[in-house]
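Okay, so here's the structure we're looking at.
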Amino acid sequence: MTIARPGLNLNVPDGKLTRLVMTRPGEPAGPERRRKVMSIIDEALSANATIANGYDPGRGKPPAPKIAIVTCADPRLSSIEQMLGLAEGDVDMIRNFGTVIDDDAIRSLVLSTRLLGSREIMIINHTDCGMLRFTDSEMEERLRKETGRAPIAPARFYSFTDAEANTREQIQKARSHPWISQDVPVRGFVFDVSTGRLSEVFPDGETVTG
Ligand SMILES: [Zn+2]
């Protein structure tokens, strides 16, 4: 198996990462002992011990981001900077479920632009987002039934029905925040997961496909 990442390129013997097993403390040794397959985290820790041998120490230098990108936590958006031709080190990547400009995203955007030097903000929603598949009230009802509890938070899940309209709303929320400078452009997009292309969503209602 070859594992390739920016700054990394090494070979790991096939099967080495997936055949590891461990026993619980106190379990009997011998052929009858109960064996437990390692969790994904255990496997990741084991892999890290090998992969770190190829780590480029230069990647540990302090960051100097040029742009902040807010996007969804969906795995299909994980390499979005590569689809934009941007260097990993130039991007402050801020991700949450549904590309929401909420209190925490604002916190990161303020720090990225005011403290770290990002000069532009890009908000990237996407097609086929999981947040299109339920409503907040449906999710709340389901969780109340499953758990028998009704906690005070989260106040919202930020589900939505229209990716473009939702993107427009997020642009407005970021643009109107008093601690995000008017000198910092805030632009919104919808990434099509089936084509890899971006459509720009303008605040006045227009959308232009790239
Ligand atoms: Zn999503």
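The values are calculated or read from the model by the stated rules, or taken from the named source; none is laboratory data. What you are looking at is a predicted structure, and each value in this text was computed from that prediction instead of being measured. Neighbour counts are summed over all protein chains in view; Cβ atoms, including those assigned to glycine, are modelled from backbone coordinates with ideal geometry. Note: accessible area is taken over every heavy atom of the protein model, side chains too, but ligands, DNA and RNA are not part of it. Shrake-Rupley method; radii C 1.70, N 1.55, O 1.52, S 1.80 Å.
Some values worked out for this structure:
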item	result
In sequence order, calculated HN-Hα J values of the stretch 183-197 (Karplus, 6.51, -1.76, 1.60; Hz; x Gly/Pro)	6, 8, x, 10, 10, x, 8, 10, 8, 8, 5, 8, 10, x, 9
Isotropic mean projected area of the C-alpha convex hull, the stretch 143-183 (nm²)	4.6 nm²
Under 13 Å from the Cα of Lys66 - aspartates and glutamates, other chains or at least 8 residues apart	Glu81, Glu88, Asp90, Asp92, Glu120
Rounded to the nearest 10 Å², the accessible area of Glu164 at probe 1.4 Å	80 Å²
Pairwise label distance in nanometres, Ser181 with Ala44, each label 7 Å out on the Cα-Cβ vector	3.6 nm
Intensity falloff of the stretch 75-210 expressed as log10 I(q)/I(0), Debye formula with alpha-carbon point scatterers, at q = 0.13 Å⁻¹	-0.61
Cleavage-rule hits (chymotrypsin sites (Phe, Trp or Tyr not before Pro)) in the stretch 153-210: DSSP loop, at most 12 neighbouring Cβ within 10 angstrom	Trp179
Segments 102-114, 198-210 sorted - mean Cβ within 10 Å per residue, highest first	102-114, 198-210
Dipole of the stretch 117-172, positive direction: furthest Cα of Ala163, Met131, Ile152, with charges on the beta-carbon	Ile152
